[in-house]
1. Suppose accessible area is computed on protein heavy atoms with a 1.4 Å probe; arrange Trp16, Trp175 from highest to lowest.
2. Please pull out the direction-averaged projected area of segment 84-124, using the convex hull of its alpha-carbon atoms, in nm² to one decimal place.
Amino acid sequence: MARKRRGLTDDDRAVWEKVASTVARHTPPQPQTDPGDADPPPLQTKSGKLNGTSPAALSSPASGPGFRIGEKAKPSGTSHDLSPSVAEHLAAAPLRMDRKAFGRMKKGKLVPEARIDLHGMTQDQAHGALTRFIHDAYARQFRLVLVITGKGKDRDEYGPIPVPRGVLKHQVPHWLAVGPMRLMVLQVTEAHLKHGGSGAYYVYLKRRK
């Protein structure tokens, strides 16, 4: 037989209300945020604009063209090649021979009295051949000789150390400026186009004493 549900008596209700009045409501803690992290609310002016911008402009995407970094940068016009070319190095050398004779030589109007072609030689072979050639020309009292080096060929592979194109083209002026040959050589410059252009050198020798 089911038992009758018993309600609260007046005494029970009085005790419950007394206990409930002493209990504080529990509120879960809110996460703390840095006031600086929140964006400040926009200031609305009398004209209805927010911070000087209309609400429509804030909600619509930019209609102007996209910006690309560096698109307005002006080219410097300077080269980053710190090593001057052979032609620039020779052009900067002081003029030691007669100016008029030098001008005629540069224009190809002086005919070389002897020539040597170093094509196909190794550096050791070319240096020895050039030394003998200059000594012989100086002994025979020649004044202008032609040294052909070629312009060089592009290498198929490039290593970690850059190698200039045309090894002999770069080495010959250096060889002529050091050692015993510098005592015989007065001026070196690139040849005129009719005599090989940048692939050959005019070597003007000193007078034998």
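The values are calculated or read from the model by the stated rules, or taken from the named source; none is laboratory data. Small disclaimer: the values here were computed from a predicted structure and weren't measured. Ligands, DNA and RNA are stripped out before the accessible areas are found, and what is left, the full protein with its side chains, is counted by its heavy atoms. Shrake-Rupley method; radii C 1.70, N 1.55, O 1.52, S 1.80 Å.
1. Accessible-area ranking of Trp16, Trp175, largest first: Trp16, Trp175.
2. Computing the convex hull of the Cα atoms and averaging its projections yields 4.6 nm².
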